[in-house]
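Some notes on the structure that comes next.
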Amino acid sequence: MKKINRFMLIAVLCFTTACGYHLRGSIDLPVELKSIYMFGMSASLNGEMKSLLRAADSKVAASPNQAGVVIKVLKEDMRRRVTSVGQTGKSSEMELNYYLRFQFYDNQENPLLEEQTIEMSREFFNDQTVILAKENEEVIILKEMYRQAARTLLSRAEVAIGTKKK
């Protein structure tokens with residue numbers, strides 16, 4: 001019985017690797033993106049970028065000259081806005097708006113693409129009876145927005161590298 005279980009485990013592992021299965025969060029980046037230099041971004045976005053780069057077996061370069069791609073953040077803004085107010089005069093719905101303007105450069109300070117922007121917004125119900133839970137929800141939403149922005153940055157960096165090669 002143990003031999004059959006081992007065989008089944010090995011067979012399942014072989015099938016999952018053969019179908020192209022990857023762990024969630026793992027990214028296969030081109031060689032040029034194995035070393036990225038970033039400046040001008042918030043600590044939250046910087047942390048998410050470093051996390052994604054670690055998952056992709058990439059690193060943050062110590063200087064722009066050592067990087068395959070340089071990401072320069074020109075403007076980054078996170079805004080919080082009340083969208084509706086309840087009977088008590090307290091906010092019952094909130095909206096988070098994130099704006100990011102950036103540009104990609106090579107290690108010789110040549111622009112790879114024109115300036116790019118990312119804009120996102122998320123709305124959530126702000127129940128005043130469970131304030132602590134809603135504060136935690138907002139933190140989670142913010143973290144997810146930064147994660148999505150970091151993934152979008154890496155995707156656009158791949159495009160920038162692709163246009164450089166042509």
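Each value in this text was obtained by applying a stated rule to the coordinates, not by laboratory testing. Computed from a prediction, not measured in an experiment: that's the story for all the values here. Reconstructed Cβ throughout: ideal geometry from the backbone, glycine too, with neighbour counts over all protein chains shown.
Placing R0 at 41 angstrom, the Cβ-Cβ distance between Val12 and Lys59 gives a FRET efficiency of 0.80 after rounding to 0.05. Going 7 Å from the Cα of Thr117 along its beta-carbon direction, which residues of region 80-99 have the amide nitrogen within less than 11 Å of the resulting point? 99, by backbone N distance to the label point. Length gained on full extension, Val82 to Ser42: 12.1 nm, using 0.36 nm per residue less the C-alpha separation. Considered as an equivalent ellipsoid built on the Cα gyration tensor, region 27-165 has semi-axes of 35, 15, 11 Å, the largest given first.
With neighbours defined as other Cβ atoms within 10 Å of a residue's Cβ, the residues Met145, Met78 order from fewest to most as Met78, Met145.
Simple rule: put +1 on each Lys or Arg Cβ and -1 on each Asp or Glu Cβ in region 27-165, find the dipole, and look at Thr88, Ala62, Val159; the Cα lying farthest toward the positive end is Ala62.
Remark: the Cα gyration tensor places region 44-114 in the prolate category, a/c being 1.5 or greater and a/b exceeding b/c. Cβ crowding within 10 Å, taken as a proxy for footprinting-reagent exposure, orders Ile140, Ile118, Ile4 from fewest neighbours to most as Ile4, Ile140, Ile118. Under 19 Å of direct C-alpha separation, and excluding same-chain neighbours fewer than eight residues apart, Lys59 reaches these aspartates and glutamates: Asp28, Glu32, Glu48, Asp106, Glu158. Pairs with C-alpha atoms separated by more than 31 Å, drawn from the list Lys50/Lys90; Lys34/Lys143; Lys72/Lys143; Lys50/Lys75, are Lys50/Lys90.
For Met41, the amide hydrogen comes within under 5 Å of the amide hydrogens of Val73, counting only partners 5 or more places away or on other chains and with H modelled in the peptide plane.
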